[in-house]
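Student: The structure is given below, and queries will be raised subsequently.
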Amino acid sequence: MAKGVATRSVDIEAIDRLEEKLKLLVGAVERLRNDGARMADENTRLSRELDSTRARLADAEGSTGELSALREERTLIRDRVNEMLQQIESLNL
């Protein structure tokens, strides 16, 4: 009978170890699920931030183009004013 008790004790120890490993596995799966949910939230937040940054970049690029056009226009106006001043000076008034 002692042999039957020893065998039964070994079987219970194996089941206990299996149960402990299963609990650890369940804990790991829960942590991974939580991490996955956090990463999905972070991904969503970063996607929105990227879209916002792209919109700001497009605005900045538009502003840069507008600034270049205004500078060219300023140069043209300055040249025309200089020509007019030269014409006035040539009149010797």
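Coordinate-derived values only; no laboratory data. Everything quoted here is computed from the prediction, not taken from an experiment. Neighbour counts run over all protein chains shown; Cβ positions are idealised from the backbone, glycine included.
Student: Out of N34, L85, L57, whose Cα points farthest toward the positive end of the dipole of the stretch 24-93 (charges: +1 Lys, Arg; -1 Asp, Glu; placed on Cβ)?
Tutor: Farthest towards the positive end: N34.
Student: List the equivalent ellipsoid semi-axes of the chain in whole Å, largest first, each obtained as the square root of 5λ for an eigenvalue λ of the Cα gyration tensor.
Tutor: Value: 88, 9, 5 Å, ordered largest first.
Student: Please list 3J(HN,Hα) in residue order for the stretch 62-75, calculated via the Karplus relation 6.51 cos²θ - 1.76 cosθ + 1.60 where θ = phi - 60°; whole Hz, with x for glycine and proline.
Tutor: x, 5, 5, x, 5, 4, 4, 4, 5, 5, 4, 4, 4, 4
Student: Per DSSP helix of 4 or more residues, -39500 (n - 2.57); summed, then divided by the residues of the chain. What does that give at 222 nm, rounded to the nearest 500?
Tutor: -36500 deg cm²/dmol
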